[in-house]
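See below for the structure under consideration.
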Amino acid sequence: MSQSLLLKMELRSNPETLGVVRDALGKLAETLGFPEKECRAVVLAVDEALTNIIRHAYQGKTEQPIEASFRRIHVARDGLCRPALEIVLEDRGIRVNAEQLCGRALEDIRSGGLGLHFIRESMDAVEFRRRWGRNQLRMVKVLDTADPAKGS
Amino acid sequence: MLQISARQLDKTTILDVSGDIDLASSPEFRKAALRELRELRTPRVVLNLTAVRYIDSSGVASLVEALKASRDLGSRLILFGLNSGVREVLQLSKLIRVFEITDTEEQAVAR
């Protein structure tokens, strides 16, 4: 699987910076050729993931480190090699219960559960793991092009 | 940056909201909506979301809280002017049907 790093951000757990990340990511997704609706989906997923890191992993503390990396990758889908955007977010906050990625019932409208629901609905793959004292969230959005060879 | 201003129209208050409703700004949005409903006891609160660029789950949670407050108090909460992005987020939450939503301010006020 080929990978190329497109963008890396070193962020702080400050809610005020979320708008800056959304604007940059929206531009990146647009540049990669994602349709407008898919750009919004990617932006929503990353925004919600960062929100969860700030609220849960760092329990609202600002100035804590978050690393965000964005790579162009290729994934197998329907027997074809498809271009995709891989997003990895890493934080050094408290361990997040991986079961939370299942989300809560929608009737429970607290934003934490709703945010996880948004992430899962917006992305094609969502994986969480804890390693070396860090939480790592990996998300993948496949770029559906009419001719996959053109999207690479 | 979120901005909220209020207009009175008979027994209706229209809150003109502009900017992004996210983790940083949703507390202010929630406070403004709940103030109209719980403290000022406005019979009908209309949220003008025409200039809202983005809403996240904390914004949706604030909307739901305002809706619950309006139901508890026997008042009404009506939204209008949702752009594609805001509408998509509400659809994704599967909560869009619980809200009264119109396309225009005239429709919202006439309801």
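Structure notes:
- Qualifying residue in region B:52-66 (condition: small (Gly, Ala, Ser), closer than 30 Å to A:ILE53 by Cα and free of Cβ contacts under 8 Å to residues at least 24 places away in the same chain): no
- Residue match in region A:34-42 (condition: in a helix (DSSP H, G or I), among the basic types (Lys, Arg) and modelled with pLDDT of 95 or more): yes
- For first residues located in region A:7-27 and in contact (Cβ under 8 Å) with a residue 40 or more places away in the chain, partners that are β-branched (Val, Ile, Thr) and surrounded by fewer than 16 Cβ atoms within 10 Å (Cβ to Cβ) and lie 6+ apart or on another chain with Cβ distances below 6 Å form the pairs A:SER13/A:THR62; A:ASN14/A:THR62.
- Elements of type strands (runs of 3 or more DSSP E) in region B:1-62, at least 1 residues being over 25 Å from A:ALA41 (Cβ atoms) and among the basic types (Lys, Arg): B:3-9, B:44-55
- Residue within region B:82-102 that is in contact (Cβ under 8 Å) with a residue 40 or more places away in the chain and more than 10 Å from chain A (Cβ to nearest Cβ) present: no
- Count - residues of region A:27-52 that are within 11 Å of chain B (Cβ to nearest Cβ) and surrounded by fewer than 19 Cβ atoms within 10 Å (Cβ to Cβ): 2
- Once region A:64-80 is narrowed to residues that are surrounded by fewer than 15 Cβ atoms within 10 Å (Cβ to Cβ) and either farther than 20 Å from A:ARG22 by Cβ or in contact with a helix residue (DSSP H, G or I) (Cβ under 6 Å, 6 or more places away or on another chain) (or both), the residue that is modelled with the lowest pLDDT is A:ASP78.
- Scanning region B:78-111 for residues that are within 14 Å of B:PHE29 (Cα to Cα) and either in contact with a helix residue (DSSP H, G or I) (Cβ under 7 Å, 6 or more places away or on another chain) or surrounded by fewer than 21 Cβ atoms within 10 Å (Cβ to Cβ) (or both) yields nothing.
- The residue that is farthest from the chain's Cα centre (by Cα), counting only those in region B:45-76 that are among the aliphatic types (A, V, I, L, M) and surrounded by fewer than 17 Cβ atoms within 10 Å (Cβ to Cβ), is B:LEU73.
The values are calculated or read from the model by the stated rules, or taken from the named source; none is laboratory data. It should be emphasised that the depicted structure is a prediction, and the values quoted were computed from it without experimental measurement. Backbone-built Cβ (ideal geometry, glycine too); neighbour counts: all protein chains shown.
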